[in-house]
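Chemist: Sending over a structure as structure tokens; questions will come in a sec.
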Amino acid sequence: MRHIASFDTDDPKRLSQQLSDLEDNMVSGFDAVHAAMLKPYTTEAPLTSTTVQVAVGSLVTVDANGATLVFPESTAGNRGGRIAVVRTSASGTVTVAPVAGTVMGGATHTVTAAIGLYEFVSANGWWRKA
């Protein structure tokens, strides 16, 4: 922003180029901020009747066979990290249990029952977003 005072207002072509450069710089700056804040999920293959270690940032699809999803421990290092679970069938059991710590503020595990998207956030334990 310090360059605003140095714009050449006497030369319309030069001013147009300077404003265009400023706009490009602001767009790339905002893109960098958004990229750091809005990290996309890493898509994983559908799971079937198994116990699976799930990484922060994962999007896990669970079918009718169900699964046990083992989340990493919720720590200061992954605070704000997310894991999404998509249930494609109401059959089978999907259990979410961290390797250490708690889910939903006190339980050692939680079960997702209905078809849908469940998003969990690391914040002093794993919390399911409503």
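Chemist: Are there any pairs with C-beta distances below 6 angstrom linking a residue in segment 8-36 that is not assigned by TED's automatic domain parsing to the domain that holds Gly57 to a residue that is exposed (fewer than 11 other Cβ atoms within 10 Å of the Cβ) and at pLDDT 80 or above, with the two at least 6 apart or on different chains, and if so which?
Modeler: Leu15/Thr9
Chemist: Moving on. Got a number for residues in segment 72-92 being among the β-branched types (Val, Ile, Thr) and outside any strand (DSSP E or B)?
Modeler: Result for segment 72-92: 2.
Chemist: Working only within segment 91-108, note down all residues that are more than 21 Å from the chain's Cα centre (by Cα) and of a type in the set (A, V, I, L, M, F, W, C).
Modeler: Matches in segment 91-108: Ala107 only.
Chemist: Select from segment 93-130 the residues that are in a loop (DSSP other than H, G, I, E, B) and surrounded by 15 or more Cβ atoms within 10 Å (Cβ to Cβ) and list them in ascending order.
Modeler: Of everything in segment 93-130, those that are in a loop (DSSP other than H, G, I, E, B) and surrounded by 15 or more Cβ atoms within 10 Å (Cβ to Cβ) turn out to be Gly101, Thr102, His109, Gly125.
Chemist: While we're on this one: Would you mention how many residues in segment 30-71 are part of a loop (DSSP other than H, G, I, E, B), small (Gly, Ala, Ser) and at pLDDT 75 or above?
Modeler: Number of matching residues: 3.
The values are calculated or read from the model by the stated rules, or taken from the named source; none is laboratory data. Note that this is a predicted model, so its numbers are computed, not measured. As a convention, Cβ positions derive from the backbone with ideal geometry for all residues, glycine included, and neighbour counts pool all protein chains shown.
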